[in-house]
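Heads up: the structure comes next, in structure tokens.
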Amino acid sequence: MDSAQQAAASVEPVYEELPLRICVERAVSRYLHELGGFYTGDMHRLVIEEVERPLLEQVMAHVAGNQTQAAEILGINRATLRKKLRHYQITG
């Protein structure tokens, strides 16, 4: 590796992948701070829906819409998966 390549390699950004738990913890903390003491009483539902929707969307995309495979990956039965897909209006 010549000196130009070494210099380029040394300035490349390093992205640290955080565990999902830490990402959620930070997001919830930030959200609570932004609420400034005003709470709606449905935070559990809000957080679950904010996480569950993209989870379902990504898994369904990963398996090209195959509900059987998606249910297996998620560890839920197909009926539960179908109910959740309807709830979030996700077509798969």
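Note on C23 and N77: the extension gain reaches 16.7 nm, defined as 0.36 nm multiplied by sequence separation minus the Cα-Cα distance.
Placing dummy labels 7 Å off each Cα toward the beta-carbon, the span from L46 to T68 is 4.1 nm.
Throughout, read-outs are computed from the coordinates displayed, never taken from laboratory work. Values in this document were obtained by computation on a predicted structure and should not be read as measured data. Every residue, glycine among them, receives a Cβ derived from its backbone with ideal geometry; neighbour counts consider all protein chains shown.
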